[in-house]
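Everything on this sheet refers to the single structure shown next.
The values are calculated or read from the model by the stated rules, or taken from the named source; none is laboratory data. All figures in this text were calculated on a predicted structure; none of them were measured in a lab. We place every Cβ from the backbone using ideal geometry, glycine too, and count neighbours over all the protein chains shown. Side chains are part of the model used for accessible areas, which takes the heavy atoms of the whole protein and leaves out ligands, DNA and RNA. Shrake-Rupley method; radii C 1.70, N 1.55, O 1.52, S 1.80 Å.
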Amino acid sequence: MKDLDYGVIGNCRSAALISKYGSIDWLCLPDFDSPSIFAKLLDERKGGSFAIEVDDSYMITQEYKPGTNILQTRFESVDGVFDLLDFMPRYRTTDNTYYMSPELYRFIKHVSGKPRFKVIYDPVMNYAREEAVFSKKNNYIRTSSKSKDMDNVYLYSSLDFDTILNREEVELTKDEFLFLSYNQKLVTVDLNRVRLEYQRTKVYWLNWSYRSKRFDTYGDKIARSLLVLKLMSYQSSGAVLAALTTSIPETIGEVRNWDYRFCWIRDASMSIETLLKMGHPNAAGRFLGFIKSILKLKYDQFQIMYGIRGERTLTEEVLPHLSGYGNSRPVRIGNAAYNQKQNDSLGYLMDVIYSYYQYFPGNLDEVEEMWEIVRNIVKTVMSEWRNKDQSIWEFRNIEGHFVFSKVMCWVALDRAIKIAKLLNKDDYAAVLEDEANKIYDDVCTNGWNEELQSFTQAYDNCDMDASLLLMEQYGFISAEDERYIKTVKCIQKELSHEGLMFRYKNHDDFGTPSSSFTICTFWMVRALFVIGEKEEALNLFNQLMTYSNHVGLFSEDLDFCTKRQLGNFPQAYSHLALINTAVLFSWEKTNSQFLRP
C-alpha cells in the first residue's frame, strides 16, 4: 500500500489492519505486542498477508458498520456482489468479564449473482523470521512455524481447504466464512456460529457507542475516533496503546521509525481523560488500576512508558530482514525511550487522578491507595522539576530545560493541591502551593523571551514549540493573557507550513523534522479558537478533516505537500485531539434524564 488506506478491527486484546482492498496486512496474535503473523505492512514481499483477491473488473468499497468496529468491504462486478465482514469478537459474558479471544472472523456474505475470488492465505510467523508449515486436519488448517511447532494458528473455513491452500478460484453462491484463531476451538465452528459471534460483537459495539456523548456537528467523526480509542485499550490490564503498529516512518526513506505498541503515561492519560469526558468512566477506572499495578511498592519510581502488562524493560531490537514500510529501514520492535526522563509525563496522569477524585473516588481503601500515588508523584515532581529532561518529543541525546515540561510539573502540583483540598489536607496543599508558585515564576522568568514576545521551547534557546499551545488548555495561563496570544501567533508564524504544523523546526538527533505531527495542527485549531480567531480555527479544522483516510482514521504524521499519512497508525494522539477539537464546534445531544442506555 502506497498510503495508509487501512481500516482497523480489534477486541481490546489484539487488532488487525485491513487494506481498502480487503487484505489483512498486519496482525499480531495473541496480543497487540505479540510477534506478527501477517506483516505485509512492513515488507510487501516477505511479510505475509491474508487477502481476498478479485480481478480488475471489481469495484471495491469499504466502510464501518455504523457505531461498531466491524469493517465491511464490498466487492461488486457484473458477475455479482459480495460483502466481506471482518471483526474480532468482543462481548460481555458477565457483568465484569468479556469474551475477547485472540481470533478473527472473515464473514463472506453473498449479496447477488455469482462473484468469483481467490483466498490468499500467507501467514509468516514471528515478524516473518520463521517459515510457515501447513497441515490439513478434519476441520481446520494448522499453520505452524517450521522451527517452532508450538508457534501455530488454526484456520477454520466453510471453503474447501485445498482450494484455499492452492489459491484456486471460488465461485460464490452462498454465505461462506474464514476464521483464524490462535487457539484450537472446542466448539463447532460453522456459519451459525459465525453469524452468532457477528451479532454478539455488533451488539456490544452498538451498546458501547450509545453510551458515548453524541453531538450534532461532526458527530460521526467523534464517534469513530472514540471507537478507535476504545479499541486501543488492553482489557486485561487497563493500559492504553499509543498506536497499533511499529516502524511506519514519519518520513519515507528516513529513520524515525519506532514501535508504538506500548503504554506511554502521557498518551494514555490524554486518551483516558478524553474517554472520561465523553461518557466512559470505566476506562478511567481500568487505567488507574493499571497505574496501581505498576507500582509494587509506594516508593517505586515512575517510568514514562510501560509494556501493556506493566513491563518496565522494553528492549529495542532492529529487524534487518524486513525492508520496512515504503522501504524505510530500520524496522524496530521494543522502544529504548522507556528509560528516558520526561518531566511532563506525570502532569497528565495527575490530571486524570484529579478527575477520579471528582467523579468516582471509590471506597476509603481505594481513596487512600490513590492518595499514596498522588504523594509519590508530588515527591517526584518536587525533586525533579528543576532538572533537565528530554521533553515531550523524546529527544534521544538532547536534554534541556524545556518550558512545557516545567508547565506540566506545575500542572501536577496544581492538581495535587486540588485533590488535597478535596481531602481536607489544607496544610499539605499550602506546601504544594508554595512550590507550584516557584515553578510558575521560574517559567515566566526564564521561558518568556522578551525580544521575541513569546514563550520558547527551552530556557536556553529561541525556538518555537507546538507543545506550548497547551499552556492554556491545562490552566497554566488564560486565553486572554497577552503572553499566550502572542505565543500562539508566533508559533503559527514560525511552525505553520502548507496548512499544517511542525512540532518544532530546530535540529534534533536525526536532523530536522520534515513531516507534520498531526496532533499539533489540532492544537493550533484549539489555540486559535480560544483566543477568539474562531472562523480561522474552523476553516483549519475542516481542512484537516479532509486528510483522514477513507474510513476516517488518522496516523501520527502528514506529509506537508502531498498530505499523505505517515507514522504509526492509527494514532491515539491524533484521534483524542480530533475529539477534543471537534466538540468546540459542536453541541451535545442530550436525552431525557429518564432515558438510560
Euclidean distance of C-alpha centroids, the range 522-597 and the range 96-158, integer Å: 36 Å
Proximal charge balance of L297 [Cβ under 14 Å; K/R count +1, D/E count -1]: +3
With DNA, RNA and ligands ignored, accessible area of L432 (1.4 Å probe; Å², nearest 10): 0 Å²
Cα gyration tensor category, rounded, prolate or oblate, for the range 440-597 with a/c compared to 1.5: oblate
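Count the net charge of all other residues whose Cβ sits under 9 Å from the Cβ of A16, scoring Lys and Arg as +1 and Asp and Glu as -1.
-2
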Ordering of 519-526, 491-498, 302-309 by packing [mean C-beta count within 10 Å, highest first]: 519-526, 302-309, 491-498
Trypsin sites (Lys or Arg not before Pro) lying in DSSP loop within the range 1-75, provided at most 13 other Cβ fall within 10 Å: K2, R45
Cα gyration tensor shape for the range 6-209, rounded if a/c is under 1.5, else prolate or oblate: rounded
Crossing angle, helix 572-582 versus the chain [Cα axis fit, 0-90 degrees, rounded to tens]: 70 degrees
Which listed pairs, of K298/K438; K230/K563; K20/K277; K406/K505, have C-alpha distances above 23 Å, in listed order: K298/K438; K230/K563; K20/K277
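Counting only protein chains, not ligands or nucleic acids, how are L229, L206 ordered by accessible area (probe 1.4 Å), most first?
Ranking L229, L206 by accessible area, largest first, yields L206, L229.
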Long pairs among K425/K486; K65/K493; K388/K489; K118/K146; K46/K114; K114/K136, criterion Cα-Cα beyond 31 Å: K425/K486; K65/K493; K46/K114
Largest to smallest accessible area among C444, C263 [probe 1.4 Å]: C444, C263
Gyration tensor verdict on the range 1-90 (Cα atoms; rounded if a/c is under 1.5, prolate if a/b is larger than b/c, oblate otherwise): oblate
For V203, solvent-accessible area (1.4 Å; no DNA, RNA or ligand), Å²: 80 Å²
Neighbourhood charge, 10 Å Cβ-Cβ cut-off, centred on G47 and excluding it, Lys, Arg +1 and Asp, Glu -1: -1
Qualifying trypsin sites (Lys or Arg not before Pro) in the range 88-151, DSSP loop, other Cβ atoms within 10 Å at most 13: K137, K146, K148
At R0 = 22 Å, FRET efficiency that the Cβ-Cβ distance of E451 and D481 yields, to 0.05: 0.75
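Based on Cα coordinates alone, diagonalise the gyration tensor for the range 212-589, multiply each eigenvalue by 5, take square roots, and list the semi-axes in whole Å, largest first.
29, 25, 23
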For the chain: relative contact order, % (alpha-carbon pairs under 8 angstrom, 6 or more apart): 13 percent
Straight-distance crosslink candidates among aspartates and glutamates, where the alpha carbon sits under 20 Å from K296 and sequence neighbours closer than 8 are dropped: E311, D365, E366, E368, E369, E372
Ranking by accessible area, most exposed first, for S158, S101 with a 1.4 Å probe: S158, S101
Mean ellipticity per residue at 222 nm, deg cm²/dmol - from DSSP H runs of n ≥ 4 across the chain, formula -39500 (n - 2.57): -10500 deg cm²/dmol
